[in-house]
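Every number in this text was worked out from the coordinates using simple rules, so none of it is lab data. The shown structure was predicted, so the numbers you read here are calculated from the model rather than taken from an experiment. We place every Cβ from the backbone using ideal geometry, glycine too, and count neighbours over all the protein chains shown.
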Amino acid sequence: MNPAGANGATPPHSPTSSVEPVVVFDDVSIGFDQKPVLENISFQVHAGEMRILLGPAGVGKSVLLKMTNGLLRPDSGRIFVFGEEISAMHEQDLFELRGSIGTVFQEGALFDSLTVRDNVGYRLIEEHLPDDQITARVTEALRFVELEQTLYKFPSELSGGMRRRVAIARAIVTNPKLILYDSPTGGLDPITSTTIIELVMKQRDVSHTSSLVVTHRLQDAFILATHRFNRTTNQMETLPPHQTDPNTSFLMLNRGRLAFDGTTAELIHSEDPFIREYIS
Amino acid sequence: MALETIDAAAKRGVLAVQEYVVLSARAVSDIFRRPLYRDDIYMQADIIGVGSLPIVILTGFFLGGVLALQSASTLQQFGAAAFTGQLVSFSMIKEIGPVVTALMVSGRNASGMASELGSMMVTEQIDAMRALGTDPLKKLVMPRIVATVVMLFFLVILSDAVGITGGGFVSVFLLGQDGSQYFHTCYQSLEYPDILQGLVKPIFFGFIIATIGCFYGMKTRGGTQGVGRSTTQAVVWSSILIIVCDFMISRFMIGIFGR
């Protein structure tokens, strides 16, 4: 296990890493109303890697995710995304960078006055692509989440699970290099949750997109670590016994600090009392 | 303890003013940056301008009418009932038209902006917009400012015209005055500074309505209760600022033109 905290991070341009990490948190701290929320957070996300961020409710998981795409700025420390220091970037420049990042918000955050087509194709509309091209790409993204029949429906006409799937389609429509999932299964029933997790896994195994997944549902996290997506059967399947997905690893927050940064096996065999209690 | 409370309240107030100024300045500077979001400006102009037509016409007409009624009864005591038209046009063009129209538009649209943007804030739609690479100030705030300033300008002109017509209606049909004399006195004593005063005010009032509405919308926190609070504050503060701004513009214009 890699002990987390201030000494858990590799410097942004370490000579030991041949490929530049997609995301680097370097000793990042943030607080609200003079109360620290996250302190000395350091970790990396490499290309094609899925990092699952675990932790109790209210520990700052969503805050960390919002800092990753620059929606919140850290009080101290540095955040690098695609090699650019976003913590020091001007808001106007961040809008451009966010074009390469897909974000799935906790409740979907779909624009309720726009149809599913306009929601999913929002970024394409902003780029003034021809209408037929937008419809084709939106349909393709919706087919990925198996909702192509909802093209002209409004979000209010969809169920909670469907809205979450539309949010995933919106995040992937521009083929981003990094996807941030903020509790994609929060508040959903177990069957719908599994459908969403399957989509997250499909994106990982089919498109090999780097991702940061925030969740407090341990079962979702372990499904992602112990299953893979089979493109032939178009379904997820369990990995052979004692095998876990090599591209999936874990981060765990506790009391504003990074309590764990390591692989699935390291998490399961951790001797840390908090981690043992959390995963038991 | 009391000092701490005053200190915290003062800091909150200063911070709110600073945030308001930054939001307004950024939204105004967005007018000169691409993309311009023309469609959003037209859509807001339709909602704010065309949508406010019925209330502006109705209030303008009856305000003109009541002005004629009240001023005629007073002027009659001095044998000056013939000047009813002059009083109505002066009041409508310089004060009542711009202020009442702005208050009406504020009640309808500052609240609408605060609740719409507030709902978007609490459901993370504004964050989603930023995450999708769109500047919410440029997409949501700037079009509302441009649309409100432009449309309020024309709504005030319409309100003035309808108000003078309403005054004429009352003067002729209820007070038995001569119609041509009423309309003659309406424009006879008007001078360019009076018209200018009436046309400068809606520009400032429109800016206040849109920026206050958007400001409270964009700083909404705390779910549906927060949306309600923002809506109320937007109407209250935009109304107060309209009256304060009216006084300052009037004082300034009278200082310059002497009337």
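Which value, in debye to the nearest 20, gives the size of the charge dipole of chain B about its Cα centre, when Lys and Arg are +1 and Asp and Glu are -1 at the Cβ?
500 debye
Around A:Ile79, under 9 Å between beta carbons, what's the net of Lys plus Arg minus Asp minus Glu among the other residues? Before the final figure, lay out each step's value.
On the way: positive: A:Arg73, A:Arg78; negative: A:Asp26, A:Glu85.
That works out to 0.
Taking the Cα centre of region B:145-256 as the origin, how large is its charge dipole in debye, to the nearest 20, when only Lys and Arg (+1) and Asp and Glu (-1) carry charge on their Cβ atoms?
700 debye
What is the antiparallel percent of DSSP beta bridges lying wholly in region A:6-279, to the nearest 5?
Taking every DSSP beta bridge within region A:6-279, about 60 percent pair in antiparallel fashion.
On a 0 to 90° scale, report how tilted helix A:190-202 is relative to the longest principal axis of chain A, with both axes built from alpha carbons and the result rounded to the nearest 10.
With rounding to tens, the tilt is 80 degrees.
Per residue of A:86-98, how many C-beta atoms from partner chains lie within 10 Å of its own C-beta, taken as a mean?
Numbers: counts 0, 0, 0, 0, 0, 4, 3, 0, 4, 8, 1, 1, 5.
Taking all residues of A:86-98 together, the mean is 2.
Between region B:221-259 and region A:57-101, how far is it from one alpha carbon centroid to the other, in angstrom?
The two parts, judged by their Cα centres, are 36 Å apart.
Given the DSSP H assignment, sum -39500 (n - 2.57) over each helix run of at least 4 residues in chain B and divide by its residue total; what's the result at 222 nm in deg cm²/dmol, nearest 500?
The helix contribution divided over chain B gives -26000 deg cm²/dmol.
Name the residue from B:Phe215, B:Phe257, B:Val150 whose Cα lies farthest towards the positive end of the charge dipole of chain B, charges +1 on Cβ of Lys and Arg and -1 on Cβ of Asp and Glu.
Sorting the options by dipole projection puts first B:Phe215.
Normalised by the residues of region A:6-279, what does the relative contact order come to in percent, with Cα pairs under 8 Å and at least six apart?
It rounds to 22 percent for region A:6-279.
Using square roots of five times the C-alpha gyration tensor eigenvalues, list the equivalent-ellipsoid semi-axes of region A:126-280 in whole Å, biggest first.
Listed largest to smallest, the semi-axes of region A:126-280 are 31, 17, 15 Å.
With axes computed from alpha carbons, what is the tilt in degrees of helix B:51-77 against the longest principal axis of chain B, rounded to the nearest 10 within 0 to 90?
It is inclined by approximately 40 degrees.
Which length gain, in nm to one decimal place, applies between A:Arg73 and A:Glu85 when the Cα-Cα distance is subtracted from 0.36 nm times their residue separation?
Result: 3.2 nm gained on full extension.
What translational diffusion coefficient, in µm²/s and rounded to a whole number, does the Stokes-Einstein relation yield for chain B at 25 °C and a viscosity of 0.890 mPa s, taking the hydrodynamic radius as the Kirkwood radius over Cα pairs?
The diffusion coefficient I find is 124 µm²/s.
Over the protein assembly as shown, what is the percentage of antiparallel beta bridges among all DSSP beta bridges, to the nearest 5?
60 percent
So, how do all the Cα-to-Cα distances of region B:87-162 break down into 5 Å bins, in percent, from 0 on up?
3, 15, 19, 18, 13, 10, 9, 7, 4, 2, 1, 0
Do the alpha carbons of any pairs in A:Lys35/A:Lys61; B:Lys11/B:Lys219; B:Lys138/B:Lys219; A:Lys177/A:Lys202; A:Lys61/B:Lys11 sit beyond 19 Å of each other, and which pairs?
Going by Cα-Cα distance, A:Lys61/B:Lys11 fall outside the 19 Å limit.
Quick check: Cα centre of region B:187-202 to Cα centre of region B:91-147, how many Å?
Taking the Cα centre of region B:91-147 as reference, the centre of region B:187-202 is 28 Å away.
How large is the charge dipole for the protein assembly as shown, taken about the Cα centre, if only the Cβ atoms of Lys, Arg (+1) and Asp, Glu (-1) carry charge, to the nearest 20 debye?
The calculation lands at about 620 debye.
Mind pulling up the Rg/Rh value for region B:187-247? Radius of gyration and Kirkwood radius, both on Cα. Please report the intermediate quantities before stating the final value.
Details: Rg = 16.0 Å, Rh = 13.1 Å.
That ratio is 1.22, to two decimals.
Tell me which trypsin sites (Lys or Arg not before Pro) from region B:1-65 have a DSSP coil assignment and no more than 12 other beta carbons within 10 Å of their own.
B:Arg33
For chain B, what does the relative contact order come out to in percent, with C-alpha contacts under 8 Å and a separation of six or more?
Relative CO of chain B lands at 31 percent.
Please average, across the residues of A:99-109, the number of beta carbons from any other chain that are within 10 Å of each residue's own beta carbon, and give a whole number. Please report the intermediate quantities before stating the final value.
Working: counts 2, 1, 3, 2, 6, 2, 6, 1, 4, 4, 10.
Per-residue shielding by partner chains comes out at 4.
Could you tell me the center-to-center distance, by alpha carbons, between region A:174-239 and region B:170-184 in angstrom?
So the two Cα centres are separated by 77 Å.
Given a Förster radius of 56 Å and the C-beta distance between B:Leu3 and A:Gln235 as r, what FRET efficiency does 1/(1 + (r/R0)^6) yield to the nearest 0.05?
For B:Leu3 and A:Gln235, the calculated efficiency is 0.25.
What per residue convex hull volume, in Å³, comes out for region A:167-228 when only alpha-carbon positions are used?
In region A:167-228, the Cα hull volume divided by residue count equals 77 Å³.
Below 10 angstrom from the Cβ of B:Asp194, what's the summed charge of the other residues (Lys, Arg +1; Asp, Glu -1)?
Net charge around B:Asp194: +1.
Karplus couplings for region A:240-250 from phi (6.51 cos²θ - 1.76 cosθ + 1.60, θ = phi - 60°), rounded to Hz, Gly and Pro as x?
Couplings: x, x, 6, 10, 10, 5, x, 8, 10, 9, 10 Hz.
Based on the Kirkwood radius over alpha-carbon pairs, what is the Stokes-Einstein translational diffusion coefficient of chain A at 20 °C with 1.002 mPa s viscosity, in µm²/s? Provide the component values of the computation, followed by the final result.
Working: Rh = 19.3 Å.
Taking Rh from Cα pairs, D becomes 111 µm²/s.
Place the peptides B:80-88, B:239-247 in order of packing, highest mean first, counting for every residue the other Cβ atoms within 10 Å and averaging per peptide.
B:80-88, B:239-247
Among A:Leu151, A:Phe80, A:Leu110, which residue has its Cα furthest toward the positive end of the charge dipole of region A:80-155, with +1 on Lys/Arg Cβ and -1 on Asp/Glu Cβ?
Of the listed residues, the answer is A:Leu151.
Which value does Rg/Rh take for the protein assembly as shown over its C-alpha atoms, Rh per Kirkwood?
1.12
Tally Lys/Arg at +1 and Asp/Glu at -1 over every other residue whose Cβ is under 15 Å from the Cβ of A:Glu91; what's the total?
It works out to a net charge of 0.
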